[in-house]
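J.: Mind having a look at this structure? Questions to follow.
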Amino acid sequence: MGIALPTIAACLAVSLCSLSSAIALWLRPDTLKRIVPFLVALAVGVLLGDAFIHLIPDAVARHGSVSDVSMMVLIGLFVFFVLEKLVRWRHD
């Protein structure tokens, strides 16, 4: 039971965080419109955190070259930056 308790606690914490977004169903539209940018920023931060904590070290372990993986990450960030500047989009 040594590792089971922290594992179950972590799963419950993650589940509660994801279920907390269900509160948005009962918010007024004007309140929801105000908090959506913050929720999007939170989602982006979680995805970037997952990439830097799990995916990039795994890619380095599989590929073996830190410089090659780092260059691919930078190229990917640059490509998506340029794509964001080229595509017209709005939050309206």
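The values are calculated or read from the model by the stated rules, or taken from the named source; none is laboratory data. Owing to the predicted nature of the structure, the values given are computational and were not obtained by experimental measurement. A quick note on method: Cβ atoms are made from the backbone with ideal geometry, for glycine too, and the neighbour counts reach across all protein chains shown.
J.: Is it fair to say Ile35 is surrounded by 10 or more Cβ atoms within 10 Å (Cβ to Cβ) and among the aliphatic types (A, V, I, L, M)?
T.: yes
J.: Among the residues of segment 20-56, which ones are modelled with pLDDT of 85 or more and polar (S, T, N, Q)?
T.: Result: Thr31, single match.
J.: Could you give me the residue pairs with C-beta distances under 6 Å whose first residue belongs to segment 67-78 and is within 13 Å of Ala51 (Cα to Cα) and in contact (Cβ under 8 Å) with a residue 12 or more places away in the chain, whose second residue is assigned to a helix (DSSP H, G or I) and not hydrophobic (A, V, I, L, M, F, W, C) wherever it lies, and which are 6+ apart or on separate chains?
T.: Pairs found: Val69/His63.
J.: Given the structure, is Ala59 of a type in the set (Gly, Ala, Ser) and either at pLDDT below 85 or surrounded by 11 or more Cβ atoms within 10 Å (Cβ to Cβ) (or both)?
T.: Criteria met by Ala59.
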